[in-house]
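Each remark here refers to the structure printed beneath this line.
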Amino acid sequence: MTAPTTAPANTPAATTTPVLPLTTDDADALLAAARRAADEQDVRVAVTVLDAGGHLLAFRRDDRAVLIAGETSTRKAFTALQLDAPTADLVDAVQPGGPFHTLPTALDRPLLFIAGGVPLHRDGRLVGAIGVGGGAPEQDHGIALTAIEAVLGG
């Protein structure tokens, strides 16, 4: 008797192709690219890179960045990862009447809805997030996007 050539009706016909996880080399390259982008704007920032599980892969705070930048960069990365969306796109959602209005206080998690956190994707799959803090929100968001483009190609 030979094995069937097609999957049974109750199982998926195709399997999911594995995606390489975000590596420490990727994280280091993201930090370096973000630092270059911040230096070009003369902005002192902190940068956090998390893997898909929310674990810290890399962190750097410029010596002259405000101390809270480290906390904000980490919270922005965590928020972007958990919601798989740039924090810049979520700012309006937490305003009164927005769909996530109560989310920042409903969870015992370090969410922060300020621009500067961006999820990281590889082959269309979520592999981590980057958070930048210390500049104006628009600067932080731009620095994160520049780093992603330089390292992961967008």
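The values are calculated or read from the model by the stated rules, or taken from the named source; none is laboratory data. Predicted, not measured: the structure shown is a model, and the values here were computed from it. Every residue, glycine among them, receives a Cβ derived from its backbone with ideal geometry; neighbour counts consider all protein chains shown. These area figures cover heavy atoms from the full protein model, side chains too; ligands, DNA and RNA do not enter into them. Shrake-Rupley method; radii C 1.70, N 1.55, O 1.52, S 1.80 Å.
Summary of values
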read-out: Packing-based order for 125-137, 26-38, 52-64, using average beta carbon neighbours within 10 Å, highest first; value: 125-137, 26-38, 52-64
read-out: Residue-normalised accessible area of the chain, given per residue in Å² at a 1.4 Å probe; value: 57 Å²
read-out: Taking the C-alpha atoms of segment 61-124, convex hull volume expressed per residue in Å³; value: 98 Å³
read-out: Helix-only CD estimate at 222 nm, as mean residue ellipticity for the chain, using -39500 (n - 2.57) per DSSP H run (n ≥ 4); value: -11000 deg cm²/dmol
read-out: Computed Rg/Rh of the chain, alpha carbon atoms with Kirkwood Rh; value: 1.12
read-out: Accessible surface of segment 50-154 [probe 1.4 Å, protein heavy atoms]: carbon and sulfur percent; value: 52 percent
